[in-house]
Amino acid sequence: MRHQAAPPPEELLPVEPQGRGGPLEKIAGAVRRVIYHSEETGYTVCTVAVPGQAGDVTVVGACAALWEGEDIIAEGRWVRHPQHGRQFQAERITCVVPATVEGIRRFLTSGLIRGIGDVMADRLVAAFGDQTLQVIDRDSGRLLEVEGIGPKRREMIRASWGEQKAVRDIMVFLQSNGVGTAHAMRIFRQYGSQAVAVVQKNPYRLCEEVWGIGFKTADRIAMNLGVPPQSEARACAAVTYLLQTQSEEGHCYTLRHELTAAAEALLGIDREIVDRAVTWQVETGALAQERDRLYLTGLYRAEKGVAEALSRLMRVEPSFPPIQAEKAVAWAEQRMRIAFAPRQAEALRTCLANKVSIITGGPGVGKTTIVRALVDIFQARRLRVCLAAPTGRAAKRMEEATGCEAKTIHRLLRFNPQTGGFEHDAVHPLGGDVFILDEASMMDLPLTHALLRALPGEAVLTLVGDVDQLPSVGPGNVLRDLIDSGMIPCTRLDTIFRQEARSWIVHNAHRVNRGESLELPPNGTDGDFFFLPTEEPDEVIRRMLELVTRRIPERFGFRPATDIQVLTPMRRNQLGSESLNQVLQSALNPRGPSLQRFGRTYREGDRVLQIRNNYDKGVFNGDIGLVRRIDETDQEVLVDFDGQAVRYDPTELDELQLAYACSVHKAQGSEYPAVVLLLSTQHYRLLQRNLLYTAMTRGRKLVCLVGSEKAVRIAIANNRVAERRTTLRERLLLAAR
C-alpha cells in the first residue's frame with residue numbers, strides 16, 4: 001500500500017471552495033497516485049488523470065478505500081487552494097474497477113492483491129489484457145497459464161481478491177454509517193462474508209467480539225442504523241463497556257450507583273432504563289453483583305476462584321516428605337559457595353516449610369540467588385520443578401539464571417485455539433511437584449486464576465516479584481493483595497549485595513523507592529546511571545537521538561537497534577511512544593523493503609511489539625521481535641520473536657507496533673542492556689514513584705535519564721499509588737476461616 005503514514009501537511013487540508021453555492025459537478029478518471037489516506041477517517045488526497053484536463057487533477061475527499069490504478073467518479077466542486085491552485089473537493093467518491101490495460105497494471109502493482117508484484121502484473125496484463133480482472137474474479141484457473149503462477153500462488157491471488165472485495169463492501173457500509181475504515185479488516189476477520197449482516201442485526205456485538213472496537217464506535221453505527229436511543233440493548237452494551245473500561249484501569253468492580261450514573265451520562269437516557277438493563281444482566285448472569293459492587297462475571301469468578309484455590313492449596317499436604325530447612329540451607333550454601341544473608345536464609349526456610357510462599361524485594365537484593373538455591377534443593381530431592389513467568393523475556397532470564405527450562409505461563413498452560421481455553425485446568429492439571437513463578441507483580445487476576453486452577457493440589461508454589469513496581473496491566477493487584485492479606489508467608493529481601501551496591505542503577509532505584517533524590521557518579525568517573533537535565537521537549541528528543549545513535553554505541557558498544565530501549569510514561573503526545581517511534585525509525589532504519597498499514601510503516605530490521613495475545617500464533621501482549629523479512633509481493637511480514645518465526649498478513653499488522661520506544665507499562669517484566677528514559681512535565685498525570693522506579697530497574701547495564709528536573713522531583717514525591725478496586729484480600733481472609 002503506498003499511502004502516506006504521517007498526518008497530511010496543513011496545506012493538504014480542505015479549503016473553503018470558491019462559489020460554494022454552485023452546482024455539483026462530476027469528474028471521472030484513473031487514480032495516478034494516493035498522496036495521503038487516513039485509515040481512521042477515510043480522508044484522501046490523490047491525483048487523478050481526467051480526460052480533457054491538462055495534467056493530473058488533485059482530488060480531495062473522503063473515500064473508504066482507494067488504490068492506485070482504480071478509476072473513480074468524484075462528485076463535488078472545484079476550489080482554489082492558496083498554495084496549490086485548482087483542486088477538486090469531492091463530497092462523494094465512487095471507485096470503479098479499471099478498464100484499461102495500463103489502469104489494470106497500475107491497480108495490480110498497488111499492493112492490493114497478495115501474490116502480485118510488478119513483474120507478475122506485467123505478465124498478467126500481457127496474457128489477458130483488459131480481461132485480467134475478470135479472469136482473476138471469475139476464471140482464476142486460467143492464471144496457471146502465466147509463467148511463475150502455480151496452484152499455491154493462484155489460490156493466494158484468488159483468495160486475496162475475494163477478501164479485498166468483501167472488505168471494500170464493509171468499508172463502504174461502515175463509512176456510510178459514520179465510521180472510519182481502520183476497523184474493517186478486524187470485522188472481516190471476525191465475521192467473514194457475514195460481516196455486514198451481523199453488524200446490521202446487532203452492532204453492539206462489535207464491542208464485545210472484535211478486538212480494538214469499543215462501545216462508542218458500535219453505538220455510532222447503531223444510531224445510524226436507527227436503533228432507538230432509549231433501547232435497553234443499548235443500555236446493556238454501555239454498562240458492559242463501562243465495566244470493561246474500569247477493568248482496563250485495573251479495577252475488578254464498580255459500585256452500582258456510580259455505574260448507573262456514568263451510563264446515564266454517557267447515553268443521555270433515563271436512569272430507570274439503565275437500572276432495568278443492569279438488573280436484567282445480573283439476572284441472566286452477564287454481570288455479577290455482591291452488595292453494591294458490580295463485576296464482569298468473569299472477573300467475579302476469577303477473584304473468588306483465586307482465593308478458594310489458594311486456600312485449598314495451602315490445606316493439602318505436599319507430595320513429598322518435609323525437607324529439613326536448616327540442613328538444606330547449609331547444603332545450598334556449600335554447593336553455591338556463598339553465604340546467604342540472614343533474610344535470604346529466612347526466605348529459603350520459609351519457602352521450604354510452606355506450601356505457598358512469597359519472596360519480594362527490589363533490584364540487587366538476591367531474589368535470583370534464592371530461586372537458584374530452591375531449584376537446586378528441590379531437584380536434589382528428585383522433585384519435578386516447573387519455572388514460569390508472565391513474559392517471554394522474564395522466562396528467558398529465569399532460564400539463564402537457573403540452567404533449567406522456564407516457560408511463559410501461557411505456554412505452561414497450553415492454550416488451545418480450537419477450544420478457546422487452556423488445555424491444563426482443574427480437570428487436566430499440570431504435572432509437577434514445585435512451581436516457582438517470577439515477576440509475579442505482573443500477573444493479573446484472570447491469568448492467576450487460570451494458573452491456580454491448573455496446579456495439582458499437592459504442589460508447592462513460590463511467587464517471586466517486586467511489589468513496589470507498577471501493578472499488572474490487566475485487572476487486579478494480585479501480588480500486593482496476597483501480601484497485604486497476611487495469609488501467605490512472605491519474606492521481603494532488603495540487603496543490597498556488594499557486587500550490586502557498586503551499581504548506580506541499583507543505588508538510585510532504592511533511593512527513589514525510599515522517596516530520596518537521585519545521586520549521580522562524580523564527573524569524570526565511570527558509572528551506569530546518568531541524568532541529562534533537559535526542559536524543552538524538542539531538546540529532549542534531540543538528546544535522546546544523540547544518545548541512541550552515537551554516544552551510547554561509541555562509549556559502551558551497545559547496538560542501537562537491539563540493545564538500547566527508549567522508555568516513556570505515555571503512548572501519546574510529543575514525548576509519547578507513538579511519536580518517538582516514528583523519529584527513531586527514521587533515524588535507525590530509514591530504508592529497505594516495507595509495508596504500510598494502519599497508519600504505520602513496517603520495515604525489514606524494525607523492532608516491533610506484539611500488543612495483544614494471539615494464541616494461534618503463540619505470541620503474547622508485550623513480546624518484542626525483529627522484522628526479518630518483508631515480502632512486498634505476497635504482502636507478508638516475518639517477525640522473529642526470540643528464535644520463533646511468526647508470519648503476519650496485512651490484515652494482522654494492527655497487532656504490531658514499533659518498539660524502538662515503548663511505555664514503561666509495556667516494559668514490565670523485560671530487561672534491556674541499556675535504557676534511555678524520558679521524563680517531562682508533559683507526563684504530569686503519570687509521574688509516580690513506582691513508575692520511575694519500574695523504569696529505572698529495566699536497565700541491566702546502563703540507564704540514561706533525559707528530561708525535566710521538576711518532573712523527576714514530582715515523580716519521586718508522588719507515592720500516592722492509584723488504588724485498584726479489588727476484594728481479593730478480603731476473600732483470602734474469609735476463605736481462611
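Just a few scattered comments:
- Scanning the stretch 1-52 for residues that are modelled with pLDDT of 85 or more, part of a loop (DSSP other than H, G, I, E, B) and aliphatic (A, V, I, L, M) yields a single hit, 50.
- Yes/no for residue 118 being loosely packed, with under 15 Cβ neighbours inside 10 Å and touching a Lys or Arg at 6+ places or on another chain (Cβ under 8 Å): no
- Scanning the stretch 41-92 for residues that are among the small types (Gly, Ala, Ser), closer than 17 Å to residue 26 by Cα and surrounded by fewer than 21 Cβ atoms within 10 Å (Cβ to Cβ) returns 49, 52, 54, 62, 76.
- Residues that are touching a Cys at 6+ places or on another chain (Cβ under 9 Å) and more than 22 Å from residue 475 (Cα to Cα) within the stretch 437-462 comprise 459, 460, listed in sequence order.
- Sole residue being farther than 20 Å from residue 429 by Cα, over 29 Å from the mean Cα position of the chain (by Cα) and basic (Lys, Arg), chosen from 372, 397, 393, 384: 372
- Which numbered condition residue 601 fails, given (1) assigned to a loop (DSSP other than H, G, I, E, B); (2) open to solvent by less than 50 Å² (accessible area, probe 1.4 Å); (3) touching a residue at least 60 places away in the same chain (Cβ under 8 Å): (1)
- Among the residues making up the stretch 677-720, a single one is touching a residue at least 60 places away in the same chain (Cβ under 8 Å), surrounded by fewer than 18 Cβ atoms within 10 Å (Cβ to Cβ) and part of a loop (DSSP other than H, G, I, E, B): 719.
- Search result, residues across the stretch 193-226 that are more than 25 Å from residue 296 (Cα to Cα), surrounded by fewer than 21 Cβ atoms within 10 Å (Cβ to Cβ) and either out of contact with any Gly (no Cβ under 6 Å at 6 or more places or on another chain) or free of Cβ contacts under 8 Å to residues at least 12 places away in the same chain (or both): 193, 194, 196, 197, 200, 223, 225, 226
- Test result for residue 258, open to solvent by 20 Å² or more (accessible area, probe 1.4 Å), assigned to a loop (DSSP other than H, G, I, E, B), acidic (Asp, Glu) and out of contact with any helix residue (DSSP H, G or I) (no Cβ under 8 Å at 6 or more places or on another chain): no
- Residue among 562, 568, 525 that alone is of a type in the set (Ser, Thr, Tyr) and at pLDDT 90 or above: 568
- Looking across 383, 374, one residue alone is assigned to a loop (DSSP other than H, G, I, E, B) and at pLDDT 95 or above. It is 383.
- Taking the stretch 571-584 as the range and being buried (at least 21 other Cβ atoms within 10 Å of the Cβ) and either assigned to a helix (DSSP H, G or I) or within 15 Å of the chain's Cα centre (by Cα) (or both) as the test, the residues that pass are 577, 580, 581, 584.
The values are calculated or read from the model by the stated rules, or taken from the named source; none is laboratory data. Given the structure is predicted, the values throughout are model-derived calculations rather than measurements. So basically every Cβ, Gly included, is an ideal-geometry build from the backbone, and we count neighbours across all protein chains shown. Protein only, heavy atoms only, side chains kept; ligands, DNA and RNA dropped before computing areas. Shrake-Rupley method; radii C 1.70, N 1.55, O 1.52, S 1.80 Å.
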